[in-house]
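So the structure is just underneath, and the comments pick up after that.
The values are calculated or read from the model by the stated rules, or taken from the named source; none is laboratory data. From a predicted model like this one, the values you see are computed outputs, not experimental measurements. Reconstructed Cβ throughout: ideal geometry from the backbone, glycine too, with neighbour counts over all protein chains shown. The accessibility values were calculated without ligands, DNA or RNA, using every heavy atom of the protein model including side chains. Shrake-Rupley method; radii C 1.70, N 1.55, O 1.52, S 1.80 Å.
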Amino acid sequence: MNPVFSENFESQTKDEDINLKGWVQQCTVGKRTWQAKLNSGNLYAQFSANGYSDGEVVSWLVTPAIAVSSADLNLTFDLKYGYYNADCLDVLISTDFDGNDVAAATWTEVTDQFADFDKIDKPSSGYGDALVNVGSMSLASYNGQSVYVAFRYTGNGPKAATTTVQIDNVTVSNLKWTNRPYSPLGSRFVYYRPEDWLLAGNNS
């Protein structure tokens, strides 16, 4: 089936803040935003505390409300690290976010629900070879509700918690993505059906 939600950031502008309808950016500590970056013709969302000299920074990138219309839907995304020196990324889900204040919502951390999350390459110098799928999380427990998915970066420049995080292809569909085959061209291709590799954004 076509995914019920999919974002590949291809509509964004290189080196500018992520600005997508329904998405929320909020920095609750410090001042720095998620931005669109471009590599090998592919746009994605990126955050890093590198060069941030004011101490701790906590920045959220939150999806619009996603209606979980059946028990077989799964959440997945692609991830790459650069200059890894700390665990800076958490994934969280809320059903009561008001679209404005992340601090007022109830969030459940779900990072450990993605089977391949900890298998992502963590190079201390340079970047991983490609954006890699983290596996999938079942949304069965949210069936009949709308959920918001948050990518929360927590870093600290002076304490060298400055890992670069890149995210792409945030998708909710009825496919289980654990152990899916990977495209040799990285995140420019998305695996929507067992028989097809589809160019990102072409999910017909």
### Message
For a quick check of your reading of the model, give me the residue pairs whose first member lies in the stretch 46-74 and is among the acidic types (Asp, Glu), whose second is surrounded by fewer than 22 Cβ atoms within 10 Å (Cβ to Cβ), with beta-carbon atoms closer than 6 Å and at least 6 apart or on different chains.
### Response
54/30; 56/29; 56/156; 72/174
## Note on the structure
Within the stretch 78-100, restricting to residues that are of a type in the set (Asp, Glu) and either part of a strand (DSSP E or B) or open to solvent by less than 10 Å² (accessible area, probe 1.4 Å) (or both), the one that is farthest from residue 120 (Cα to Cα) is 90
### Summary
Taking the stretch 4-36 and keeping residues buried (at least 20 other Cβ atoms within 10 Å of the Cβ) and in contact (Cβ under 8 Å) with a residue 60 or more places away in the chain leaves 7, 8, 9, 34
### Message
Can you list residue pairs whose Cβ atoms sit under 7 Å apart, with the first residue in the stretch 142-168 being under 18 Å from residue 103 (Cα atoms) and among the charged types (D, E, K, R) and the second being part of a strand (DSSP E or B) and at pLDDT 95 or above? Count only pairs 6 or more apart in sequence or on different chains.
### Response
152/58; 152/60; 152/90; 152/92
### Query
What are the residues in the stretch 52-66 that are small (Gly, Ala, Ser), open to solvent by 60 Å² or more (accessible area, probe 1.4 Å) and not in a loop (DSSP other than H, G, I, E, B), if any?
none
### Message
Looking at 103, 115, 49, 45 in this structure, which one is outside any loop (DSSP other than H, G, I, E, B), out of contact with any helix residue (DSSP H, G or I) (no Cβ under 7 Å at 6 or more places or on another chain) and open to solvent by less than 70 Å² (accessible area, probe 1.4 Å)?
### Response
45
### Query
(1) open to solvent by less than 40 Å² (accessible area, probe 1.4 Å); (2) modelled with pLDDT of 95 or more; (3) not β-branched (Val, Ile, Thr): which one isn't true of residue 140, the others all being true?
(1)
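Report the residue count in the stretch 143-187 for those that are modelled with pLDDT under 90 and either farther than 24 Å from residue 93 by Cβ or part of a strand (DSSP E or B) (or both).
Qualifying residue count for the region: 6.
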